[in-house]
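Notes follow once the structure below has been shown.
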Amino acid sequence: MNKKWWHKSVVYQIYPRSFMDNNNDGIGDIKGIISKLDYLNNLGIDVIWLSPVYKSPMKDNGYDISDYCDVDPMFGNLADIEELFLKANNYGIKVVMDLVINHTSDQHPWFLESKKSKDNPFRDYYIWRDEPSELSSVFGGSSWEYDPLTKQYYFHHFAVEQPDLNWENPKVIEEAISIINFWLEKGIGGFRLDVIDLIGKEIDKKILSNGPRLHPLLKKLNKETWGNYDVLTVGETWGASPDVAELYSAPSRNELSMIFQFEHQTLDWGKLGKWTPKELDFRGLKNILSKWQTDLVNGWNSLFWNNHDLPRIVSRWGNDKKYRIESAKMLAIILHLMKGTPYIYQGEEIGMTNVMYPSINDYNDVEIHGFYEKFVIKEKLLTVEEFMKGVYKLGRDNARTPFQWNNLENAGFSKNIPWIGINNNYKTINVESALDDSNSIFYTYKNLIQLRKNSVYSNTILYGQYELLLKDHKSIFSYRRFDEFYELLVLSNFYEIEIKQPLDVEGYEIIMSNYSDFSNHSLRPFETIIFAKKKL
Ligand code: TEU
Ligand code: CA
C-alpha cells in the first residue's frame, strides 16, 4: 500500500450556513469558521470539508452556483476564504472545498446566455432537447423544464434552478479545469466532488451515472488539475460498489483519492424512499460495512454516518433520549476503528440530534418541499402526518439546524434570529457543556482521533486486516482489526436491550469503553468496548 497523508486524516465537514455567524445576520459565515479553528484543533481533526460558499441564489443552499470563482457575500469574500486557508494551515488543518460541477445555477452567466437563443455560443454548455424524456428529478417532478423563448426543454437532474452542464462539450471541460486550478493555486487542500458519477451522463442513451465517459473525464481532470498537487479528492457516488470504487480510487488509476459510497445509507428507506422510513436492517448494515472493509483492496475508503444531506445518526440508529451519550459513543467507536478516512459532520461530535419543527413551512430544504409537493399535494400518496414522519426521521434539514455552541441565546450561533430554527435541546446539548464534561461524546471523538493518529495501534487501525465476528447476531456488532503486531477487538451492543456477553476476551486489555466498568457476563444498552492485545 503506497501510503498517503489522507490515510491518517480525520475530516470535519462544515455546513457554513449553520456553523457560526460572525456578523450577526442569522447566517453562518467564513469569519465565524475562522473564530472556531481552535475548537477544531482541540478536537484533533486535520482536514475541513467546506460545503459550498460560492456565489449562489441559494435555491439549494449553495449547491446551485452562479460564480465558481467568487464567494457569496452572505458568507464573506475571497479575502476571508484565503484567510481561512492560511489560519487553518497554521494549525496544520487543510481546507477541502465542495465542487459542484455536474450542474450550475440557472442564474450562472453561462445559462443566462445559453437560454437566449439556439445558436448562442453557450447553448451547448447545457442539455437542450425538443422533447422531454421520462427522467424524473431527484427532488421530485420532471427533470425537464420547457423554455418558451427557444421552444426547447433543458435537463436538470436536481432542482429546476440547477440545469445540468453538458460534459460532452469540450468547452465545459476546459471551464471546469480552469475553475479547479483557480482554487488549487490558492492553496486549497482538495475537493469533495458533488455527484461526480453523473458527469459521464449520456442522456439520449438513457445513461445517467457511471457512464462510459466518466473515468476518462476524471483521468483528464486529474492530469490537468489536482493530479499536480498533493491534495485530497473525494467523489460523491451514490451508486458505487467496492469494485466500482476501485476504478475511482486505486492509486494506479490516477483519478480520485477516495469516494463516498451510500449503500448503508438507504437501509431504512421504505417503499417511497426516505419519506416512508422503515426499521434498520441491522445484519445488512454489518454486511455492507464489512464488505467495504474487505472487498476494497486497491482503493481507499471513506467512513461516515452523517453529512448535510443525512439525518443525525444518534437519532437515526442510536437512541437520542435515554441513551444519547452511550449510543453516540457506540456509533463513533464502531465507525472510527474501521479502515478508511473518517468524516465527522458538524455537531456529530457533541451528539446533536434530529429536530421536529411543527410545520412543513418551518423547513427550508428544496428536497423536502419538492417531495411534499409530489407525494402530499399532487399524487396524494401520503398524508401530511405520514410525510412529516419521514421528514422527522430522515429529512436533510435535521443536519442543518444551527450549531449548538452554548446554552445562551440562539445557542451562541448568532445574536440574530437564525435562518432556520434552533433545536430546543441546545440548553443541554452544546459545545461548552461537552468541553466541561470529561465523559462527554466530544472526548470520545477526540480520543478516537488520537488512537488513529498517535498511538501504538495507529498502523493496525490504518492498514490492519478486518474480520467481522458474530456475523448473524441480531444485536451485536463486533469485528477485529489485526496485523503482525496488534489485534484490536470491537465489541458492541447496537441496541438498548441488555444481552449476554458471548466472546472470550481473556488476555485482552480494555483501551476504550462507553461505560466506566466492564462485567464479563453481559453487555448493557449500547455498551461498546475496544479490547487490544499485543501479538509479538
Ligand atoms: O447530493 C446528491 C444527492 O443526490 C442527495 O441530495 C441525495 O440524493 C438525496 O439527499 C437523497 O435523498 C448532492 C449534495 O450533497 C446535495 O446537498 C445537493 O442537494 C445535490 O447534490 C445537488 O447538488
Ligand atoms: Ca453571518
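General observations
- For the range 1-42, a tally of residues being closer than 30 Å to G299 by Cα and aromatic (F, W, Y) returns 4.
- Only residues that are in a loop (DSSP other than H, G, I, E, B) and within 16 Å of ligand 1 (Cβ to nearest atom) were counted in the range 224-247, giving 4.
- Test result for M356, surrounded by fewer than 23 Cβ atoms within 10 Å (Cβ to Cβ) and within 30 Å of D436 (Cα to Cα): yes
- Hey, P57 surrounded by fewer than 16 Cβ atoms within 10 Å (Cβ to Cβ) and within 16 Å of ligand 1 (Cβ to nearest atom) or not: yes
- Test: P251 is within 24 Å of V47 (Cβ to Cβ) and surrounded by fewer than 16 Cβ atoms within 10 Å (Cβ to Cβ): yes
- For the range 359-383, filtering for residues that are farther than 17 Å from K271 by Cα and either among the aliphatic types (A, V, I, L, M) or part of a helix (DSSP H, G or I) (or both) leaves 10.
- Leading residue by the ranking (nearest to ligand 1 (Cβ to nearest atom)) among those in the range 394-415 that are surrounded by 19 or more Cβ atoms within 10 Å (Cβ to Cβ) and charged (D, E, K, R): R396
- Taking the range 138-185 as the range and being exposed (fewer than 15 other Cβ atoms within 10 Å of the Cβ) and either more than 26 Å from K219 (Cβ to Cβ) or of a type outside the set (F, W, Y) (or both) as the test, the residues that pass are Y146, D147, P148, L149, K151, P170, K171, E174, S178, E185.
- Only one entry in L50, L43, L78, L37 is at pLDDT 95 or above, among the hydrophobic types (A, V, I, L, M, F, W, C) and within 16 Å of ligand 2 (Cβ to nearest atom), namely L50.
Residues are listed down the side, and each one gets a yes or a no for (1) surrounded by 18 or more Cβ atoms within 10 Å (Cβ to Cβ); (2) more than 22 Å from the chain's Cα centre (by Cα); (3) in a helix (DSSP H, G or I):
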| position | (1), (2), (3) |
| --- | --- |
| I417 | no, yes, no |
| Y426 | yes, yes, yes |
| L435 | no, yes, yes |
| Y443 | no, no, yes |
| L448 | yes, no, yes |
| L451 | yes, yes, yes |
| V456 | no, yes, no |
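- In the range 137-154, the residues that are in contact with a helix residue (DSSP H, G or I) (Cβ under 9 Å, 6 or more places away or on another chain) and within 15 Å of ligand 1 (Cβ to nearest atom): S137, V138, F139, G140, G141
Let's see how each residue does on (1) small (G, A, S); (2) touching a strand residue (DSSP E or B) at 6+ places or on another chain (Cβ under 9 Å):
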position: K4; (1), (2): no, yes
position: I30; (1), (2): no, yes
position: I33; (1), (2): no, yes
position: D38; (1), (2): no, no
position: G44; (1), (2): yes, no
position: V47; (1), (2): no, yes
position: Y54; (1), (2): no, yes
position: D60; (1), (2): no, no
position: C69; (1), (2): no, yes
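Quick grid of which residues meet (1) within 16 Å of ligand 1 (Cβ to nearest atom); (2) crowded, with 20+ Cβ neighbours inside 10 Å; (3) at pLDDT 95 or above:
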position	(1), (2), (3)
E263	yes, no, yes
G270	yes, no, yes
T276	yes, no, yes
E279	no, no, yes
F282	no, no, yes
K286	no, yes, yes
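The values are calculated or read from the model by the stated rules, or taken from the named source; none is laboratory data. Since the structure is predicted, the reported quantities are computational estimates derived from the model, not experimental observations. Neighbour counts are summed over all protein chains in view; Cβ atoms, including those assigned to glycine, are modelled from backbone coordinates with ideal geometry.
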